[in-house]
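The values are calculated or read from the model by the stated rules, or taken from the named source; none is laboratory data. Not measured: the values here are computed from a predicted model. Counting neighbours? That spans all protein chains shown, and the Cβs are built from the backbone with ideal geometry, glycine included.
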Amino acid sequence: MIYLDTSVAVSLLVPEPRTADVKAWFAGLTEVPVGCDWLLTEFDSAISIKVRSGELSEANAKAVRKEFDRLTVSGLRIVPVSRSAFRDAADLAKQHTQRLRAGDALHLAVARDIGAQSVATLDGVMSANAKRLRMGVEAI
(Lines give C-alpha, C1' and ligand atoms only; values in the text may rest on other atoms or scores of the structure.)
Protein backbone atom coordinates (compact mmCIF):
# COMPACT_ATOMS: atom_id res chain seq x y z
CA MET A 1 0.00 0.00 0.00
CA ILE A 2 1.32 3.45 -0.97
CA TYR A 3 0.42 6.45 1.18
CA LEU A 4 0.14 9.72 -0.77
CA ASP A 5 1.35 12.98 0.79
CA THR A 6 -0.24 16.30 -0.10
CA SER A 7 2.94 17.50 -1.84
CA VAL A 8 2.45 14.79 -4.47
CA ALA A 9 -1.28 15.45 -4.89
CA VAL A 10 -0.68 19.17 -5.41
CA SER A 11 2.15 18.60 -7.89
CA LEU A 12 0.00 16.09 -9.77
CA LEU A 13 -2.72 18.68 -10.41
CA VAL A 14 -0.91 22.05 -10.39
CA PRO A 15 2.06 22.88 -12.62
CA GLU A 16 5.17 22.78 -10.44
CA PRO A 17 8.83 21.88 -11.06
CA ARG A 18 8.21 18.17 -10.32
CA THR A 19 4.82 17.82 -12.04
CA ALA A 20 6.11 15.82 -15.03
CA ASP A 21 7.87 13.37 -12.69
CA VAL A 22 4.79 13.02 -10.50
CA LYS A 23 2.48 12.45 -13.47
CA ALA A 24 4.80 9.79 -14.89
CA TRP A 25 5.04 8.07 -11.50
CA PHE A 26 1.27 8.22 -10.99
CA ALA A 27 0.57 6.84 -14.48
CA GLY A 28 2.80 3.86 -13.72
CA LEU A 29 1.07 2.86 -10.49
CA THR A 30 -0.40 -0.61 -10.36
CA GLU A 31 -2.41 0.06 -7.21
CA VAL A 32 -4.64 2.87 -5.99
CA PRO A 33 -2.70 5.04 -3.53
CA VAL A 34 -4.18 5.95 -0.16
CA GLY A 35 -4.50 9.31 1.56
CA CYS A 36 -6.41 10.41 4.63
CA ASP A 37 -9.02 12.99 5.55
CA TRP A 38 -6.24 15.44 6.50
CA LEU A 39 -5.12 15.41 2.85
CA LEU A 40 -8.45 17.02 1.89
CA THR A 41 -7.87 19.98 4.21
CA GLU A 42 -4.19 20.35 3.44
CA PHE A 43 -4.77 20.20 -0.32
CA ASP A 44 -7.37 22.98 -0.20
CA SER A 45 -5.06 25.04 2.00
CA ALA A 46 -2.20 24.64 -0.50
CA ILE A 47 -4.45 25.71 -3.37
CA SER A 48 -5.67 28.74 -1.38
CA ILE A 49 -2.06 29.75 -0.71
CA LYS A 50 -1.36 29.55 -4.44
CA VAL A 51 -4.36 31.82 -5.14
CA ARG A 52 -3.30 34.34 -2.49
CA SER A 53 0.26 34.39 -3.84
CA GLY A 54 -0.94 34.87 -7.41
CA GLU A 55 0.34 31.49 -8.65
CA LEU A 56 -3.22 30.39 -9.50
CA SER A 57 -6.27 32.34 -10.56
CA GLU A 58 -9.53 31.68 -8.76
CA ALA A 59 -10.90 30.05 -11.93
CA ASN A 60 -7.88 27.75 -12.18
CA ALA A 61 -8.14 26.92 -8.47
CA LYS A 62 -11.78 25.97 -8.95
CA ALA A 63 -10.83 23.66 -11.83
CA VAL A 64 -7.99 22.10 -9.80
CA ARG A 65 -10.32 21.48 -6.86
CA LYS A 66 -12.85 19.84 -9.18
CA GLU A 67 -10.10 17.60 -10.60
CA PHE A 68 -8.99 16.73 -7.06
CA ASP A 69 -12.57 15.76 -6.18
CA ARG A 70 -12.59 13.43 -9.21
CA LEU A 71 -9.24 11.99 -8.12
CA THR A 72 -10.57 11.19 -4.64
CA VAL A 73 -13.46 9.29 -6.21
CA SER A 74 -11.55 7.23 -8.75
CA GLY A 75 -7.78 7.42 -8.32
CA LEU A 76 -7.13 7.88 -4.63
CA ARG A 77 -8.64 6.09 -1.65
CA ILE A 78 -9.30 8.33 1.36
CA VAL A 79 -9.25 6.81 4.84
CA PRO A 80 -10.27 8.36 8.16
CA VAL A 81 -7.74 9.51 10.74
CA SER A 82 -7.94 7.39 13.87
CA ARG A 83 -7.56 8.72 17.38
CA SER A 84 -4.43 6.59 17.79
CA ALA A 85 -2.93 8.22 14.68
CA PHE A 86 -3.42 11.65 16.29
CA ARG A 87 -1.61 10.42 19.41
CA ASP A 88 1.19 8.90 17.30
CA ALA A 89 1.50 12.16 15.34
CA ALA A 90 1.84 14.09 18.59
CA ASP A 91 4.63 11.74 19.68
CA LEU A 92 6.37 12.23 16.33
CA ALA A 93 6.01 16.01 16.53
CA LYS A 94 7.55 16.04 20.02
CA GLN A 95 10.82 14.87 18.54
CA HIS A 96 11.96 18.40 17.70
CA THR A 97 15.29 17.32 16.22
CA GLN A 98 13.39 15.50 13.45
CA ARG A 99 11.90 18.82 12.22
CA LEU A 100 8.45 17.36 11.44
CA ARG A 101 5.58 19.79 11.03
CA ALA A 102 2.23 18.74 12.53
CA GLY A 103 0.62 17.88 9.19
CA ASP A 104 3.55 15.73 8.08
CA ALA A 105 3.63 13.97 11.44
CA LEU A 106 -0.06 13.19 11.00
CA HIS A 107 0.49 11.85 7.47
CA LEU A 108 3.26 9.55 8.72
CA ALA A 109 1.19 8.41 11.69
CA VAL A 110 -1.76 7.55 9.45
CA ALA A 111 0.52 5.74 7.00
CA ARG A 112 1.83 3.63 9.87
CA ASP A 113 -1.65 3.14 11.31
CA ILE A 114 -3.01 1.70 8.05
CA GLY A 115 0.07 -0.41 7.38
CA ALA A 116 1.32 1.42 4.29
CA GLN A 117 4.57 -0.05 2.99
CA SER A 118 5.70 3.23 1.45
CA VAL A 119 5.06 6.94 1.38
CA ALA A 120 4.96 9.09 -1.74
CA THR A 121 6.22 12.58 -0.89
CA LEU A 122 8.25 15.40 -2.39
CA ASP A 123 9.14 16.72 1.07
CA GLY A 124 12.71 15.95 2.12
CA VAL A 125 12.05 16.12 5.87
CA MET A 126 9.04 13.85 5.58
CA SER A 127 11.02 11.45 3.38
CA ALA A 128 13.87 11.29 5.89
CA ASN A 129 11.44 10.64 8.73
CA ALA A 130 9.62 7.92 6.79
CA LYS A 131 12.95 6.18 6.28
CA ARG A 132 13.82 6.65 9.95
CA LEU A 133 10.49 4.97 10.79
CA ARG A 134 11.46 2.07 8.49
CA MET A 135 8.92 2.94 5.81
CA GLY A 136 9.71 2.88 2.13
CA VAL A 137 9.74 6.13 0.17
CA GLU A 138 8.49 6.14 -3.41
CA ALA A 139 11.09 7.21 -5.99
CA ILE A 140 9.47 10.04 -7.89
Can you work out which of the residues in the stretch 105-127 that are over 10 Å from VAL137 (Cβ atoms) and among the β-branched types (Val, Ile, Thr) is surrounded by the fewest Cβ atoms within 10 Å (Cβ to Cβ)? VAL125
Any idea which of (1) in contact with a helix residue (DSSP H, G or I) (Cβ under 9 Å, 6 or more places away or on another chain); (2) surrounded by fewer than 18 Cβ atoms within 10 Å (Cβ to Cβ); (3) without any contact (Cβ under 8 Å) to a residue 40 or more places away in the chain; (4) under 14 Å from LEU13 (Cα atoms) is the one GLU67 doesn't satisfy? (3)
Does any residue of the stretch 90-106 turn out to be farther than 24 Å from GLU16 by Cβ, over 18 Å from the mean Cα position of the chain (by Cα) and assigned to a loop (DSSP other than H, G, I, E, B)? yes
Cβ-Cβ under 7 Å, sequence separation 6+ or interchain: first residue in the stretch 117-130 and without any contact (Cβ under 8 Å) to a residue 40 or more places away in the chain, partner buried (at least 19 other Cβ atoms within 10 Å of the Cβ) and among the hydrophobic types (A, V, I, L, M, F, W, C). Which pairs? VAL125/LEU100; ASN129/LEU100; ASN129/LEU108; ALA130/LEU108; ALA130/VAL119
Take SER45 and tell me if it is modelled with pLDDT of 95 or more and over 12 Å from ALA9 (Cα atoms). yes
Within the stretch 19-57, residues outside any helix (DSSP H, G or I) and either surrounded by fewer than 16 Cβ atoms within 10 Å (Cβ to Cβ) or among the β-branched types (Val, Ile, Thr) (or both) come out as GLY28, LEU29, THR30, GLU31, VAL32, VAL34, SER53, GLY54, GLU55, SER57
From the set of residues in the stretch 76-104 that are surrounded by 14 or more Cβ atoms within 10 Å (Cβ to Cβ) and among the small types (Gly, Ala, Ser), which is farthest from TRP38 (Cα to Cα)? ALA93
